[in-house]
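Chemist: Here it is, the structure in full.
The values are calculated or read from the model by the stated rules, or taken from the named source; none is laboratory data. Keep in mind the model is a prediction, meaning the values are calculated, not measured. Note that each Cβ is placed from the backbone with ideal geometry, even for glycine, and that neighbours are counted across all protein chains shown. For the accessible areas, the whole protein counts, side chains as well, though only heavy atoms, and no ligand, DNA or RNA atoms are used. Shrake-Rupley method; radii C 1.70, N 1.55, O 1.52, S 1.80 Å.
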Amino acid sequence: MLRIENLSVSYGAIQALNDVSLEVPPGRVTAVIGANGAGKSTLMRTLAGLEKPQSGQVIFNGEVISGRKPEDIVRMGIALVPEGRSTISELSVEDNLKLGGMWRSHAQRNASLTRVYSLFPILKERHHMGADTLSGGERQQLAIGRALMTGPQLLLLDEPSLGLAPLIVTQILELVALMARDSGLAVLLVEQNATVALRIARTGVVLNLGEVAGSGTSAELLASEELRHIYLGTGS
Amino acid sequence: MSMKIPESIRELPGAFFLRNAIIVSAVAGVFLLINTQLEPTYSFYLAQAAMYATAMFGMVILVGLSGQVSLGNGALMAVGAYTFAITSMNWQTVPILGLPWNAVWSVVTAGLVGVIAGLLIGGLGARLSGPYLAGLTLGIAVGLPSIIYRFPSFLGGEDGFALRVPFPPGGYAAQDGGEVSAADAAAEEMSNEGFEDFLAEAGGDSSEILEFDQEELATGETPLVEDEVLEFDQDELSLEQESTPDLVQDVDGESPPAEISESEDSFVDLVDESAGVIDLTGFVIEQWQASLAVVMAAIVGFIALNLIRGNQGRIWKAVRDDPVAASLVGLSPQSNKVSAFVISGFFAALAGAVMAQIFAYVGPALFGLTLSLSLLVGVILGGRSSLVGAMVGAAFIVVLPKAMETFAQQLGWEDRVADNLPNLVYGLLVVLVVLVLPAGLVGSLMVAIRRRTQR
Amino acid sequence: MTFFDHLLGGIASGSVIALMAIALVLVWRSTRVVNFAQVGQAMFTTFLALAVYRGTGNWLISLIAAILAGAILGLIVHFLVMRPVRRQDGSGAIIATFGVLIALQASASMIWGVDPQAYPPIVDIIGFEAFGRTWPFSRYDVLVLGVTVLLVLLLSVVFTRTSLGLRMRASAFNPTVARLSGVRVSQMLALGWALAGSIGAIAGVLIAPTFSVTPYSFDILLILAFTVAVIGGLDSLVGAVAFGIGTGLVLSLVSGYSDSGNASIVALVLLALNLLLKPEGVFAHHHSRSV
Ligand SMILES: Nc1ncnc2c1ncn2[C@@H]1O[C@H](COP(=O)(O)OP(=O)(O)OP(=O)(O)O)[C@@H](O)[C@H]1O
Ligand SMILES: [Mg+2]
């Protein structure tokens, strides 16, 4: 579904991603793990079109998407929930949701809205309130809801657990796993907490200093020396 | 072979000041020398350029180093010019501290009042960022003429003051003798016919804008629907233009509404006509004015150089680039923004005092928004953070109109086009420089040279 | 003239100030730039409209010409100057707007000269007669007020009730999230500039009959509109309208009881007081910005 080939991204002199290649299959969750500054967010932002790659390419459903604008990429079916609170606090909850996927037909958008409200009932309850009145966890739900409103085939989640209570994290991640299984949605999930991420994901990739340090099934990665190295700070 | 100076000596503050003093005196010396060889007209351009440069050194510190875009420096020049005018008129005969240097005392007073004005505006502006400060100072620039109109007796109202400037030993040529100096004649001319008329017009414009007095409108005093009124106006005005064809020359490098520039042009033309009046010391008046302006620019340039290259320059830049980080290391962003304003107020006021002397006149028409815009334009063109850039910018705003005028004459363009060509060029150049060479002409050149030498 | 008369006389001028302030607000909301060239653009389109009026003799056509020209001029400034300049520090953008202002004023002086010109009002500018006296409120004032109210209502509806408005607001508040949601943000910003240009143009044509039009006579309007926009918080259309009309009333009172030359001083004092007393109000975004 999504193929990343030899992708390199840099911020001036800082090489954030170096020759990264990986594949994201449909219908399941793929985890991306790695220490702070490993380049996880950079990978996600590049896939969504917010950063331009230095070299390499990204192919989605047979089309090269690297270098395109974010507003075009989201139309092709890739939705990013960026790191942090990516809601617009000046708008109401419902307006935040309605913002997603405005190019789609009225019927499609209504269907998506109903689905989001059934997934996150709290959003329906608060639909007329300002997004700034939501709690952190509710806001994260809103951010995911906004992404789902665009009708994605691939959902990019950048640390949805940041600053959330473990219970909510589990809830959200389980919902994500459910969506992947039921609707064929591909999910690329960035997580600091490797154990949690690998419990949800079927496969995973380890990033270290901008390079792929390892990949495999969750079970393999959890048992891997590589991973231990990186998290113990003795890595490469 | 470069001499090896021991660290201990290099670090002495004295060496630092000495080097700066040598640089500044060398530059000023060259200009003073050139001045003795110049035609009066060109001396007068030099005087104006030096006057603008004096004010722009303050803009370099304020806009360049401290990052505050201000349109209030024309108003600060007005403060200096008016202080100089009022004190020098009233202190003609009284020696101060036993010294009869009345004009010198007036200049010093002008500078001090400029410091206070800078403190006031800077204090108001220190809490404001970018567009808010620009807007506030813009308001000051636009509102200033109205403030001057409020005080007809103290500040001379719309007419302003014509000055007899007592600067060169013995005064400007023949103040009591038969001959009338160019400056005096110009001032006379300005405060008599023509000048008043257009001032009344210009003043009327700004004050009538918000006048929605329906009774007046009903009586037809304000231009109304009738096309006749309009045509009549145009006829009258074009008649006026025909009768004074020599007044439409643009020389002064400022960019005021054309009525204002016309009157200043007429002043410069008069200077041209009576050029060559010899002072007691053998100098032509314009040469005196130029030397005066250059010396003032040198004094101010020396202060600016020490500040910019010294510790304070680094502090201003640090506060500009990252106020939060600066305050974490104990530098107060607010007080360092105010200090930049105070310094630029001081410089602008001194420039204003020089302006009063080289024009021998102060009046609200000199200090409109256009003056502040010219200062900004000059500094941006030359290079926001460079004193040399300010000098180039000052030369630019004096020379460009002259060059454009010649250019337009050769192409046989109408006066209306020719008169406004410099402003159009300024505007486009400012946009272009901001887009393409954000460091200005001189700044970009220096960056390029540095790159080349490093290779 | 009574106190009430002075108040009445300030409504129309306040409306025009409000419109100009709205133009500033629209640009600020879309690109976080205070467009100091806005009033220059309005001056230029007013001259264009005057030329059209002289050619056609039709006031409405001249107004439409101004609206179109305002949009085009706004787009030109946006694409040629402000978009390329956006990567630089804040001073660069501010200075560029002044460059545009200078260039526009010079071009207008070249094309139309600096002599004051009269712009004809479409309807009676002489006050209504009622109860045996003339009131300082004319058909023209009614027109100005009506157009302002209509425009403000229209803008509010567009911003709060339409999907276009939602996209524009989202682009202003958080361009990144808007782009990730599929909004073509650059189009929304351009639209903001075009809309501001048109509204400024309407303000220019509306105020033109009440004073002599020269390339420099709009400067004072710039100060007033800026003052109003800043007091209103720069982000709020409602604030711009309320403070705009309020300022018109205050200026009318000041002009009535002292003289009109004090108008710019009053504006300056208002601005300084506001910036001094509530700088946090200027920067803070606590207040609701739904409109
Ligand atoms: N806008 C930027 N400008 C310059 N460098 C950046 C920028 N964004 C990220 N970097 C650098 O790129 C590298 C990768 O950053 P990235 O945000 O992708 O890491 P991450 O894996 O998401 O880390 P974290 O787990 O802390 O979110 C880091 O060294 C970071 O400092
Ligand atoms: Mg990250």
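Chemist: Given the criterion out of contact with any Gly (no Cβ under 6 Å at 6 or more places or on another chain), open to solvent by less than 50 Å² (accessible area, probe 1.4 Å), more than 11 Å from chain C (Cβ to nearest Cβ) and part of a loop (DSSP other than H, G, I, E, B), identify the matching residue among A:67, A:56. Full working, then the answer.
Modeler: Working: A:56 fails: part of a loop (DSSP other than H, G, I, E, B).
Checking each option against the conditions leaves just A:67.
Chemist: Sticking with this structure for a sec: Taking the residues in region A:95-107 that are surrounded by fewer than 18 Cβ atoms within 10 Å (Cβ to Cβ) and not aliphatic (A, V, I, L, M) as candidates, determine which candidate is farthest from ligand 1 (Cβ to nearest atom).
Modeler: Looking only at region A:95-107, we keep the residues that are surrounded by fewer than 18 Cβ atoms within 10 Å (Cβ to Cβ), and these are A:103-107.
With not aliphatic (A, V, I, L, M) added as a condition, the list becomes A:103-106.
Numbers: A:103: 29, A:104: 30, A:105: 35, A:106: 37 Å.
Result: A:106.
Chemist: I'd like to check which helices (runs of 4 or more DSSP H) are fully inside region B:357-455 and have at least 2 residues that are surrounded by fewer than 19 Cβ atoms within 10 Å (Cβ to Cβ).
Modeler: On the way: elements: B:369-382, B:387-411, B:415-436, B:440-454.
By residue number, B:387-411, B:415-436, B:440-454.
Chemist: Among A:114, A:87, A:42, A:30, which is the only one that is closer than 30 Å to residue A:129 by Cβ, in contact with a Leu (Cβ under 6 Å, 6 or more places away or on another chain) and among the hydroxyl-bearing types (Ser, Thr, Tyr)? If you could, list the steps in order and put the result at the bottom.
Modeler: Working: A:114 fails: in contact with a Leu (Cβ under 6 Å, 6 or more places away or on another chain); A:42 fails: closer than 30 Å to residue A:129 by Cβ; A:30 fails: closer than 30 Å to residue A:129 by Cβ.
One residue alone meets the criteria, A:87.
Chemist: Further, regarding this structure: I'd like to know if region A:180-187 contains one or more residues that are more than 14 Å from chain C (Cβ to nearest Cβ), in contact with a Ser or Thr (Cβ under 8 Å, 6 or more places away or on another chain), under 16 Å from residue A:31 (Cα atoms) and within 16 Å of ligand 1 (Cβ to nearest atom).
Modeler: First, the residues of region A:180-187 that are more than 14 Å from chain C (Cβ to nearest Cβ): A:180-187.
From the residues that got through so far, the ones that are in contact with a Ser or Thr (Cβ under 8 Å, 6 or more places away or on another chain) too are A:186-187.
The next check asks that each one be under 16 Å from residue A:31 (Cα atoms); those that pass are A:186-187.
Adding the requirement that they be within 16 Å of ligand 1 (Cβ to nearest atom) leaves none.
No; the residues of region A:180-187 include none that is more than 14 Å from chain C (Cβ to nearest Cβ), in contact with a Ser or Thr (Cβ under 8 Å, 6 or more places away or on another chain), under 16 Å from residue A:31 (Cα atoms) and within 16 Å of ligand 1 (Cβ to nearest atom).
Chemist: Just need a number here: residues in region A:11-23 that are on the phi > 0 side of the Ramachandran plot and away from ligand 1 (no atom under 16 Å from the Cβ).
Modeler: Selection size over region A:11-23: 0.
Chemist: Quick one: which residue in A:217, A:150, A:203 is more than 16 Å from ligand 2 (Cβ to nearest atom) and surrounded by fewer than 17 Cβ atoms within 10 Å (Cβ to Cβ)?
Modeler: Numbers: A:150 fails: surrounded by fewer than 17 Cβ atoms within 10 Å (Cβ to Cβ); A:203 fails: surrounded by fewer than 17 Cβ atoms within 10 Å (Cβ to Cβ).
Result: A:217 is the single residue among A:217, A:150, A:203 that is more than 16 Å from ligand 2 (Cβ to nearest atom) and surrounded by fewer than 17 Cβ atoms within 10 Å (Cβ to Cβ).
Chemist: While we're looking at this one, here's another question. Which ones in region C:68-124 are part of a helix (DSSP H, G or I), open to solvent by 30 Å² or more (accessible area, probe 1.4 Å) and among the β-branched types (Val, Ile, Thr)?
Modeler: C:72, C:76, C:111, listed by residue number.
Chemist: When region A:21-36 is examined, which residues are found to be modelled with pLDDT of 90 or more and within 11 Å of ligand 2 (Cβ to nearest atom)?
Modeler: Across region A:21-36, the qualifying residue is only A:32.
Chemist: Kindly establish whether residue A:174 is open to solvent by less than 20 Å² (accessible area, probe 1.4 Å) and either among the acidic types (Asp, Glu) or free of Cβ contacts under 8 Å to residues at least 12 places away in the same chain (or both).
Modeler: Numbers: open to solvent by less than 20 Å² (accessible area, probe 1.4 Å): no; either among the acidic types (Asp, Glu) or free of Cβ contacts under 8 Å to residues at least 12 places away in the same chain (or both): yes.
For residue A:174, the condition - open to solvent by less than 20 Å² (accessible area, probe 1.4 Å) and either among the acidic types (Asp, Glu) or free of Cβ contacts under 8 Å to residues at least 12 places away in the same chain (or both) - is not met.
Chemist: Could you say whether any residue in region C:40-48 is closer than 30 Å to residue B:64 by Cα and touching a Leu at 6+ places or on another chain (Cβ under 6 Å)? It would help to see each step written out before you state the result.
Modeler: Step one: list which residues in region C:40-48 are closer than 30 Å to residue B:64 by Cα, which gives C:40-41.
With touching a Leu at 6+ places or on another chain (Cβ under 6 Å) added as a condition, the list becomes C:40-41.
Yes: region C:40-48 contains one or more residues that are closer than 30 Å to residue B:64 by Cα and touching a Leu at 6+ places or on another chain (Cβ under 6 Å).
Chemist: Of all residues in region A:47-91 being among the acidic types (Asp, Glu) and within 16 Å of ligand 1 (Cβ to nearest atom), which is modelled with the highest pLDDT?
Modeler: The first filter runs over region A:47-91 and keeps only residues among the acidic types (Asp, Glu), leaving A:51, A:63, A:71-72, A:83, A:90.
Narrowing the set further to residues that are within 16 Å of ligand 1 (Cβ to nearest atom) leaves A:51, A:83.
Numbers: A:51: 94, A:83: 91.
Looking at the filtered set, the residue picked out is A:51.
Chemist: Restricting the search to region C:84-97, which residues are at the interface with chain B (Cβ under 7 Å from one of its Cβ atoms), out of contact with any Pro (no Cβ under 8 Å at 6 or more places or on another chain) and of a type outside the set (A, V, I, L, M)?
Modeler: First pass over region C:84-97, keeping only residues at the interface with chain B (Cβ under 7 Å from one of its Cβ atoms): C:84-85, C:88, C:90-92, C:94-96.
Then keep just the ones that are out of contact with any Pro (no Cβ under 8 Å at 6 or more places or on another chain); that gives C:84-85, C:91, C:95-96.
Scanning region C:84-97 gives C:84, C:91.
Chemist: Going through C:186, C:258, C:212 one at a time, which residue ends up being under 23 Å from residue C:72 (Cβ atoms), within 11 Å of another protein chain (Cβ to nearest Cβ) and surrounded by fewer than 24 Cβ atoms within 10 Å (Cβ to Cβ)? First the steps, then the outcome.
Modeler: Details: C:258 fails: under 23 Å from residue C:72 (Cβ atoms); C:212 fails: under 23 Å from residue C:72 (Cβ atoms).
Just a single option satisfies the conditions, and that option is C:186.
Chemist: Related question: May I ask you to say which residue of C:56, C:2, C:46 is modelled with pLDDT under 90 and among the polar types (S, T, N, Q)?
Modeler: Working: C:56 fails: modelled with pLDDT under 90; C:46 fails: modelled with pLDDT under 90.
The conditions single out C:2.
Chemist: Shifting gears a bit: Please verify whether region A:138-155 includes one or more residues that are more than 14 Å from chain C (Cβ to nearest Cβ), within 14 Å of the chain's Cα centre (by Cα), assigned to a helix (DSSP H, G or I) and away from ligand 1 (no atom under 16 Å from the Cβ).
Modeler: Looking for residues that are more than 14 Å from chain C (Cβ to nearest Cβ), within 14 Å of the chain's Cα centre (by Cα), assigned to a helix (DSSP H, G or I) and away from ligand 1 (no atom under 16 Å from the Cβ), one finds at least one in region A:138-155, hence yes.
Chemist: Quick one: would you say residue A:84 is open to solvent by 50 Å² or more (accessible area, probe 1.4 Å) and within 16 Å of ligand 2 (Cβ to nearest atom)?
Modeler: Values: open to solvent by 50 Å² or more (accessible area, probe 1.4 Å): no; within 16 Å of ligand 2 (Cβ to nearest atom): yes.
The answer is no for residue A:84.
Chemist: Test residue A:169 against the stated conditions and say whether it is of a type outside the set (Gly, Ala, Ser), more than 14 Å from chain C (Cβ to nearest Cβ), away from ligand 1 (no atom under 15 Å from the Cβ) and open to solvent by less than 10 Å² (accessible area, probe 1.4 Å).
Modeler: Details: of a type outside the set (Gly, Ala, Ser): yes; more than 14 Å from chain C (Cβ to nearest Cβ): yes; away from ligand 1 (no atom under 15 Å from the Cβ): yes; open to solvent by less than 10 Å² (accessible area, probe 1.4 Å): no.
It is false that residue A:169 is of a type outside the set (Gly, Ala, Ser), more than 14 Å from chain C (Cβ to nearest Cβ), away from ligand 1 (no atom under 15 Å from the Cβ) and open to solvent by less than 10 Å² (accessible area, probe 1.4 Å).
Chemist: For residues in region A:24-46 being within 14 Å of chain C (Cβ to nearest Cβ) and open to solvent by 10 Å² or more (accessible area, probe 1.4 Å), which is nearest to ligand 1 (Cβ to nearest atom)?
Modeler: Applying the first criterion (within 14 Å of chain C (Cβ to nearest Cβ)) to region A:24-46 yields A:41, A:44-46.
Now narrow it down to the ones that are open to solvent by 10 Å² or more (accessible area, probe 1.4 Å): A:41, A:45.
On the way: A:41: 3, A:45: 7 Å.
Among them, the one singled out is A:41.
Chemist: Has region C:163-173 got at least one residue that is open to solvent by 40 Å² or more (accessible area, probe 1.4 Å), more than 25 Å from residue A:100 (Cβ to Cβ) and not β-branched (Val, Ile, Thr)?
Modeler: Looking through region C:163-173, none of the residues is open to solvent by 40 Å² or more (accessible area, probe 1.4 Å), more than 25 Å from residue A:100 (Cβ to Cβ) and not β-branched (Val, Ile, Thr).
Results for (1) more than 18 Å from the chain's Cα centre (by Cα); (2) within 7 Å of chain B (Cβ to nearest Cβ), shown as yes or no for each residue.
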residue	(1), (2)
C:61	yes, no
C:73	no, no
C:99	yes, yes
C:107	yes, yes
C:122	yes, no
C:126	yes, yes
C:137	yes, no
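Chemist: Right, here's the next one. List pairs: first in region A:67-96 and closer than 16 Å to residue C:171 by Cα, second of a type in the set (Asp, Glu) and away from ligand 1 (no atom under 16 Å from the Cβ), Cβ under 6 Å, 6+ apart or cross-chain?
Modeler: A:89/A:132
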